Amino acid sequence: ENNNLDSVENTLRNGIASYIDCEAKFWSNIDQKGRYGSLTGTPFDIDKNGHTRKFVGVRRDITEMIETQETLKKEMKRAQQADKLKSTFVANMSHEIRTPLNAIVGFSNLLPNEEDSELKKEYTKLINTSSDMLLRLINDILDLSKIEAGIIEMATEKFDMSQCFIRTISSLKKMEHKDVPLITDNPYSKCVVVSDKNRISQIIVNFVTNAIKYTPYGHISASYAYEEEGIKIMVSDTGIGIPTEKQQLIFQRFEKLDDFAQGTGLGLSICKAITDNCGGKIGFRSEYKKGSTFWAWIPCPLKEPVELF
């Protein structure tokens, strides 16, 4: 019979002839912290009135076991949450893939028979935009498998960050809303570094597309700078911001502030995986209904002195 601590104290104080078996938290003067212990005892010396004058027993330190159990409970809860989010992700993927595919197929069928040159340009633009969207979705899915395996591949190549920034922003301009301009700051005419050009471009794309999804008014700004022997990327917006209760979840896989927003909910977690893998840093600041700023710093050597405009 497992006694609670109150009944054990009553047994010891009043000399009740009863077997003791309980678990309790106690203060340890040895390491000056709370620890967990299990106590078992049996009556050893009973007087003629049936009262126990002495108990013999053992107190065993079970702190490590209890802490392990608590850790397992937390990990189990996290695993269940991840599984639930993953199921939602899989359910949404058919819609996310079908949307750009329908646009590509539909406008491709219309294009050969259209005589109006302006409409042809518009159809072509929509096809290109949908193709880019579909490619990003597929890349996110492929990167997910690498994240789950704990592997994010990083190449090392010499490239001009200034040109990389210009090309990346140009590819994003077609997603720009006319009422929400994308403002850029390219501080250098030349900035030659050694890193993974595609991964750095991927961070910029994910930051900007995330800002576009959640910025219905105002503006978005994208910039970078070479500082502390690395490239720091910053994207700010005047969008809806992130509620305080959701801010700790923002870099977790499959998390989306709005279930109706397009995308897989993987972009920011992929950015974190990239920065973690190369020993970089990532973070953000946000105020609900006022906007957010996301930043990432990637360590990389500078091969030539930067040239300002």
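Every number here is computed from the coordinates shown, using simple stated rules; none is lab data. These numbers were taken from a predicted model, which means no experiment stands behind them. Please note: Cβ atoms are built from the backbone with ideal geometry, for glycine as well, and neighbour counts cover all protein chains shown.
Observations, loosely collected:
- The Cα-based radius of gyration of region 59-191, divided by its Kirkwood radius, gives an Rg/Rh of 1.18.
- Counting only DSSP beta bridges with both residues in the chain, the antiparallel share comes to about 90 percent.
- Segment ILE141-ILE16, length gained on full extension (0.36 nm per residue, minus Cα span): 38.4 nm
- Straight-line cross-link reach from LYS303 at under 22 Å between alpha-carbon atoms covers these lysines, not counting any fewer than eight positions away in the same chain: LYS158, LYS190, LYS197, LYS232, LYS281.
- Each residue of region 67-83 was assigned a 3J(HN,Hα) from its phi angle through the Karplus expression (A = 6.51, B = -1.76, C = 1.60, θ = phi - 60°), giving 5, 5, 4, 5, 4, 4, 4, 5, 5, 4, 5, 5, 5, 5, 5, 4, 5 Hz with x at Gly and Pro.
- Relative packing of 30-41, 214-225, which averages over residues the other C-beta atoms within 10 Å, highest first: 214-225, 30-41
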